[in-house]
1. Can you pick out the pairs among A:Lys382/A:Lys413; A:Lys175/A:Lys387; A:Lys397/A:Lys447; A:Lys295/B:Lys487; B:Lys300/B:Lys325 whose Cα atoms lie more than 19 Å from each other?
2. For A:118-129, what's the mean count of beta carbons from other chains sitting within 10 Å of each residue's beta carbon?
3. Where both residues lie in the protein assembly as shown, what percent of DSSP beta bridges are antiparallel, nearest 5?
4. Return the lysines within reach of B:Lys457: Cα separation strictly under 17 angstrom, same-chain partners fewer than 8 residues apart disregarded; answer none if there are no such residues.
5. Would you be so kind as to identify which of B:Thr135, B:Leu342, B:Leu302 lies farthest towards the positive end of the dipole of region B:97-350, taking Lys and Arg as +1 and Asp and Glu as -1 on Cβ and the Cα centre as origin?
6. Which three semi-axes in whole Å describe the equivalent ellipsoid of the protein assembly as shown, each the square root of 5 times a Cα gyration tensor eigenvalue, listed largest first?
7. How would A:Tyr56, B:Tyr75, B:Tyr423, B:Tyr456 line up from fewest to most surrounding beta-carbon atoms within 10 angstrom?
8. How big is Rg to Rh over chain A, alpha-carbon atoms, Rh as the Kirkwood inverse-mean-distance radius?
Amino acid sequence: MKGKHAHPLLPNSDESFVSAMLKKVGAASVDELFSDVPPGLRFRGKLRIPEASPEYFLRRELLTKLSANRTPPATLCFLGGGVWPHYIPAAVDSITSRQEFYTSYTPYQPEISQGMLQALFEFQSLMCDLLGMQACNSSLYDWASAAGEAVRMAGRVTGRKKALVGANVGPGRRKVIETYAEPMGIKTETIGYDTTEGTLDPADLRRKLTDEVACVYFENPNYFGVVEEGAEELTKAVHSRGGLAVVGVDPISLSLVREPGAYGSDIVVGEGQPLGIPMNYGGPHLGLFGVNDIKLARSMPGRLIGLTTAAADPAQKAFAMVLQSREQHIRREAATSNVCTNQSLMALAAASYLSLLGKNGFRTLGETVISNAHFAAERLAKVKGVKSPHFEGHFFKEFVVSYARARSRSVFKRMAKAGVLAGYPLERESGIGAEAGLYCVTEVHTKDDIERLAGALEAAL
Amino acid sequence: MPGFRQARWNEPLLNEMSRPGRVGTSVAADPYIKGKFRNPASLVPPAMRRKDIPLPELSELQVLRHFNRLSQMNYSVELGMYPLGSCTMKYNPKVSEAIAATDYMRQAHPLQPEETVQGILSVFYELQQFLCEVTGMSSFSLSTAAGAQGEFAGVLIMRKFHGVHGARQRDEILVPDSAHGTNPASAAMAGFKVVKVPSDSSGQVRASAVEELTSDRTAGMMFTVPNTLGLFESEVAEVCRAVHDAGGLMYYDGANMNAMLGRARPGDMGFDVVHLNLHKTFATPHGGGGPGAGPVGVTKSLSEYLPVPVVSRGKQGYSLDYGLKRSIGPLKGFVGNSAVLLRAYAYIRLLGGSGLTDVSSLAVLAANYLWKSLDQDAFPASHGRELRRKHEAVVSVKSELPGSAMTVAKAILDYGMHSPTVYFPLIVREALMIEPTESEPLEMLDEYAAALNSVYKSVTEGKTEFPNNTSVGRVDEVKASHPMTLKVRW
């Protein structure tokens with residue numbers, strides 16, 4: 001450590017501090033503090049990492065590097081599939097960047113962490129209302145891992161070893177569910193969908209439903225953007241064989257589409273990203289998780305915040321983490337999940353977002369999104385050689401467009417080159433039997449944007 | 001006497017403040033399109049239409065005041081010392097925030113064609129290399145969202161490896177009794193039986209104890225070095241050898257890597273799989289509980305098992321590789337916690353190779369300094385009084401009074417300082433686990449030690465009525481543990 005310059009992140013690096021501290025510790029050198037590392041294990045080389053960069057150069061270099069990314073506003077983004085472009089009100093970022101929230105951690109000491117605890121409690125309450133659930137946790141990593149946890153939980157609760165998963169569920173999420181479920185001995189089987197409507201095939205579900213089935217997982221709207229009109233029929237069928245209905249949602253759709261709790265869903269998962277969280281090339285996002293029966297709360301994964309009072313003053317409301325005996329730090333190998341660090345900051349963003357939009361703003365948002373999406377689907381239908389929307393089922397903000405003669409992958413790439421990100425290719429993963437792409441339209445898109453999209457598609461075919 | 005007073009606002013809940021007719025933001029809507037759709041809700045089939053959305057109605061200022069007031073009732077690293085052991089609550093540089101705030105990052109969609117996101121992919125590629133260098137591993141996947149998910153990936157790699165090699169009977173994972181709770185929880189999630197390895201009286205795991213527990217059912221061992229007592233495991237190489245000899249794999253829990261940068265590398269110790277908590281060691285904000293990032297690294301022979309995607313580099317530039325032959329699969333929907341990864345990368349570059357080594361040197365120096373500044377009779381070391389600490393120190397609170405560690409923890413809050421981690425590791429009675437990190441100036445370490453020493457005096461006098469200066473007094477956590485309190489009722 002000898003001869004070190006002061007560094008903004010290292011307040012004690014100056015020799016004067018180091019020697020004062022060593023004196024107290026009773027060591028002759030910093031190296032001596034590492035003398036318990038056996039000599040053969042000591043790293044004697046130099047880390048092959050560039051030397052320290054001053055803040056300005058680093059900022060300049062990284063912003064230059066990142067500017068190679070093609071993103072809005074210069075580029076138009078019509079991609080969805082589980083991460084969606086939505087506008088984030090400036091007030092949301094103002095709240096989430098409050099350092100009192102931002103640089104705190106899990107509220108292990110509730111007395112000095114009431115702010116985050118109340119915010120997370122309010123997030124849970126907002127989610128219960130939005131999803132129609134009885135209890136929601138304070139976040140999991142993302143939609144896919146929440147779906148994986150939900151299938152595992154269904155296995156725990158029912159003691160059964162099979163999960164049925166819709167073939168019109170996001171293919172990425174299907175794979176994550178398998179990664180989570182397989183080690184528990186849960187086998188997943190696919191339920192087919194109606195290739196005209198895009199909705200799940202109830203007959204195929206009934207064929208595959210047995211007393212071995214722990215749960216059925218479907219999404220609403222599904223990966224193709226289509227609303228599962230028969231959702232209630234599906235959940236009833238699952239319940240008739242003693243299984244649980246697990247539903248995955250885009251929370252924005254719940255501005256107009258019925259909440260899953262109202263049609264018999266036992267567990268709801270979803271992606272909270274559109275609730276005020278940037279797309280950020282994949283994360284951090286927000287895994288939503290709720291249950292419709294308060295008794296199931298004890299089997300839930302993740303942190304839960306509860307309302308209580310001060311011990312000495314029953315009139316003073318207070319918040320604390322609750323039902324911790326489910327969790328890894330208490331229950332170890334018998335815990336309901338290994339989750340520790342979660343996505344609390346994103347839950348705070350979602351709570352801020354929903355408070356800002358409120359009852360009326362949220363409904364207006366839904367109306368705008370569904371209008372824009374339908375306007376776009378109709379506009380694309382006028383492009384020669386495309387079928388838009390490909391499916392006949394009702395849709396919310398995403399829809400599939402199929403191409404008569406073009407390859408979906410080349411259409412995708414050509415449009416991107418023209419500055420329009422749209423039409424994520426579907427053919428390989430979803431077996432729809434046509435060259436097709438997924439399109440997502442939200443409130444961020446204008447008529448002109450949609451015209452530019454139509455032009456780009458026409459040119460790319 | 002402490003002069004700290006945390007704000008107390010008696011802030012109502014959102015629904016209590018709501019009044020019909022208010023809204024907190026305006027929603028964009030293209031007027032032309034709006035004019036074309038008179039009744040957009042009718043586009044949803046009747047059976048699936050939402051009837052009511054019970055959300056609050058507030059103005060923008062009301063919402064801001066609400067959350068700003070809440071923020072004032074929340075303690076954080078930028079307010080004061082936060083030495084939660086095992087959590088590495090270091091300072092998170094602001095320039096990382098400035099960089100991550102660019103629309104080139106925030107508005108990048110994870111399904112964009114790779115040629116349109118070369119900027120961020122090049123950063124990830126380099127970050128993978130940096131993490132390999134720091135750990136001595138051969139390849140890294142950045143996809144896992146937090147430490148616990150990294151652990152889950154790590155044990156799944158072991159499971160798959162043994163499956164591929166016809167050793168499915170290997171269904172046991174060894175975990176020391178001092179390990180974080182996530183270790184046994186992750187092993188159990190991956191379908192393993194957990195075999196507990198006892199630590200000896202000096203707080204370390206002996207290779208002989210490990211040998212006794214290994215068999216042809218051993219899939220591997222999860223090992224935290226330095227351990228949760230803050231001690232370097234002096235027989236780590238022998239432990240690795242014993243597990244390897246039994247046919248098992250070694251997993252390095254990188255939660256405590258802040259002690260080891262540039263000093264020792266798990267790869268050189270004999271580990272096969274490593275996870276790192278970037279939010280800890282590599283200084284990304286903890287966000288009130290998250291987000292984090294928990295990348296997983298492996299030796300060359302395990303590179304095909306990593307969770308997908310990994311970032312690779314070819315003639316066409318950088319790309320996301322989903323094609324690893326034996327991958328355990330994906331654990332997250334998209335790429336990784338990318339914005340956290342970007343901040344961790346920025347942190348590494350701000351410090352550079354030798355700066356990272358200084359980080360660990362100074363973190364270890366701070367932990368030993370703070371430990372030695374404590375009243376040694378009041379706070380005796382749990383184990384190995386003569387041993388050097390690494391990034392943290394664990395002490396017992398010497399007292400006949402049950403719950404004395406909790407009393408100390410609550411009393412220190414009154415000084416405007418966060419408590420250490422309490423009652424962990426489980427093998428230490430009345431445990432305080434103190435991790436100051438390299439971020440705290442020497443004077444702050446002195447203040448913290450003085451506060452703890454003086455708190456101890458109050459505790460031995462039988463005082464338990466703490467805290468008094470926080471926004472609420474002692475919280476009734478028993479009453480809270482009823483599931484009916486999990487949400488507001490309208």
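1. Values: A:Lys382/A:Lys413 21 Å; A:Lys175/A:Lys387 29 Å; A:Lys397/A:Lys447 15 Å; A:Lys295/B:Lys487 14 Å; B:Lys300/B:Lys325 14 Å.
Result: A:Lys382/A:Lys413; A:Lys175/A:Lys387 exceed 19 Å.
2. Per residue, the average neighbour count from other chains is 6.
3. Beta bridges within the protein assembly as shown, antiparallel portion: roughly 55 percent.
4. Output for B:Lys457: B:Lys398, B:Lys410.
5. B:Leu342
6. Numbers: eigenvalues 393, 188, 151 Å².
After scaling each eigenvalue by five and taking roots: 44, 31, 27 Å.
7. A:Tyr56, B:Tyr423, B:Tyr456, B:Tyr75
8. Numbers: Rg = 25.6 Å, Rh = 24.6 Å.
A ratio of 1.04.
Read-outs: derived from the displayed coordinates by stated rules, not from any lab. What you are looking at is a predicted structure, and each value in this text was computed from that prediction instead of being measured. For neighbour counting, all protein chains shown are included, and Cβ atoms are generated from backbone atoms with ideal geometry for every residue, glycine included.
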